[in-house]
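Derivation of every value follows stated rules applied to the coordinates shown; laboratory data play no part. Computed from a predicted model, the values in this text were never measured in an experiment. Using ideal geometry, Cβ is built from the backbone for each residue, glycine included, and neighbour counts are taken over all protein chains shown.
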Amino acid sequence: MMRKTTVVFLLLTITLNLSAEDVSKLLYSFSPLAQIYLKHLGLQDKNNNGVIDKDSGEGYEEFITKYGNADTGFYVNGVLYGASNGKLEEPEIIDHYYMHIRFNPNFEEETSAIENAVKAYIYANDLPLIWLDDEQGTVMNAVNNILGEGWNEKEVTEEEAVQLFNRVIGRLNIKGRTGTPSRNGGYYTLPELVTKKAGYCFEVAQFGFWFFSELKVNSVSARAYLTSTVIHEVLKLKSDKIVDYFMSGRNIANNRWQIVNPLRDLAKFYEVVSTIENDSIPLLENTLLYDKYNLVNIDILMYYVDNKKVIVLGEFLLDNIEINTIAKSTHLNAAKVRENLKNALILLGIAYYETNDRTKLQKVVELLTQYYKSDKNIKYYLDRFK
């Protein structure tokens with residue numbers, strides 16, 4: 001199997017010079033932004049395995065007692081992961097913060113500390129402003145022109161906030177963008193959405209997140225597949241109300257919307273940005289950092305690294321991806337996810353084969369045989385592995 005060895009990334013933050021140890025560190029640690037939330041919510045990953053473990057003195061029990069049960073799982077690859085497994089994964093912690101801790105009168109100190117630190121980190125490190133205004137106040141000035149200054153200082157209900165949002169987005173005259181984002185300049189940042197007056201559902205959802213944040217109304221993005229290839233993003237409020245400016249998801253049942261916190265949306269932004277320079281290289285370090293459980297990210301990255309890094313990525317996949325659940329899932333994108341899983345297993349098998357690790361190769365052979373025995377292409381690799 002050919003692997004490309006010379007590539008150029010746009011906004012490159014990961015290179016093929018990363019060691020296998022570096023890749024492992026990315027996978028088995030919290031992202032830099034997530035570290036801020038951990039610090040102010042009393043959590044500490046003492047054993048550096050990338051999760052907060054129960055009965056380990058890392059703050060799991062204290063967090064649940066004070067802030068509520070966050071060990072409820074999170075959706076990725078179309079299925080629910082990590083529910084009640086005695087671990088707090090990064091998406092669970094961040095999801096819970098935005099829906100249940102942020103703006104809660106009982107947790108004003110934590111909210112203030114996290115909001116200020118996250119904003120400072122993003123500005124200082126020049127991260128894309130997908131849900132933050134720029135330091136010149138481009139977005140705030142545009143909204144002030146419509147609602148008047150001080151609009152965000154009033155206490156409002158969810159319903160009143162939604163009415164204000166619809167009024168503002170309508171007056172901003174935001175037109176929908178069409179086509180594949182990576183072939184249309186990528187996603188706009190939040191200030192660009194306002195100045196260019198056009199956006200995909202992803203960008204409008206980020207605007208909504210900023211807008212409701214200014215009104216101290218809890219919200220988070222949510223995604224659902226409209227077809228096997230078309231995904232739609234909206235805002236989901238604490239009450240479970242869906243805010244969908246383009247109304248493309250009006251026929252989607254509420255329980256099909258899967259929440260996506262801002263950090264995972266940041267990963268999606270980087271994923272799209274990275275395809276602009278070369279469509280065969282769609283991943284950046286930041287995609288791995290902020291959405292490491294995403295099977296697509298792991299699968300594609302495995303094509304472009306050496307055997308040691310393939311093994312690190314593949315073994316993380318085996319330890320953390322719900323293979324059996326994915327194999328049985330029936331959601332609209334299930335076939336594509338299973339294809340990504342198959343590809344990743346093949347690449348891991350090749351790496352074990354080429355490094356002569358017969359014991360671990362046998363495990364991959366068993367998985368391919370169990371889940372893909374009717375796939376004609378699998379026979380070629382199984383024969384080769386023998």
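Contour minus end-to-end for E339 and I242, with contour as 0.36 nm per residue of separation and end-to-end as the Cα-Cα distance?
31.8 nm
Quick one, could you list the DSSP H helices from the chain stretching 18 Å or more along their long axis (Cα atoms) with average Kyte-Doolittle hydropathy of 0.5 or above?
201-214
Where the centre of each part is set by its Cα atoms, how far does the stretch 356-370 sit from the stretch 119-185, in angstrom?
50
Please give the length that would be gained between A83 and K119 if that part of the chain were fully extended, namely 0.36 nm times their separation in residues minus their C-alpha to C-alpha distance (nm, one decimal).
In short, 10.0 nm is gained.
If we sort 204-214, 120-130, 37-47 on the protection proxy, mean other Cβ atoms within 10 Å, highest first, what's the order?
Ranked from most to least packed, the peptides come out as 204-214, 37-47, 120-130.
What distance in nm separates the two pseudo spin-label positions at D126 and N144, each 7 Å out from Cα along the beta-carbon direction?
2.7
Between T369 and R250, how high is the FRET efficiency from 1/(1 + (r/R0)^6) when r is the Cβ-Cβ distance and R₀ = 35 Å? Nearest 0.05.
E between T369 and R250, to the nearest 0.05, is 0.20.
For the chain, set up a Gaussian network in which alpha carbons nearer than 10 Å are linked by springs, and say which option among M302, M247, M140 fluctuates the most.
M247
Please give the length that would be gained between R167 and E61 if that part of the chain were fully extended, namely 0.36 nm times their separation in residues minus their C-alpha to C-alpha distance (nm, one decimal).
33.8 nm
Counting Lys +1, Arg +1, Asp -1, Glu -1, what net charge surrounds G73 among other residues with beta carbon under 9 Å of its beta carbon?
-3
Could you list D95, D375, D291, D53 in order of exposure, starting from the residue whose Cβ has the fewest other Cβ atoms within 10 Å?
D375, D53, D95, D291
Where in the stretch 106-145 does the amide nitrogen come within less than 18 Å of the point 7 Å from the Cα of V156, taken along Cα to Cβ?
132-133, 139-145
For each of H96, H232, H331, count neighbouring Cβ atoms within 10 Å of the residue's Cβ, then give the residues from fewest to most.
H331, H232, H96
Calculate the FRET efficiency for N377 and T72 from the Cβ-Cβ distance with a Förster distance of 35 Å, rounded to the nearest 0.05.
With R0 = 35 Å, the Cβ-Cβ based efficiency is 0.40.
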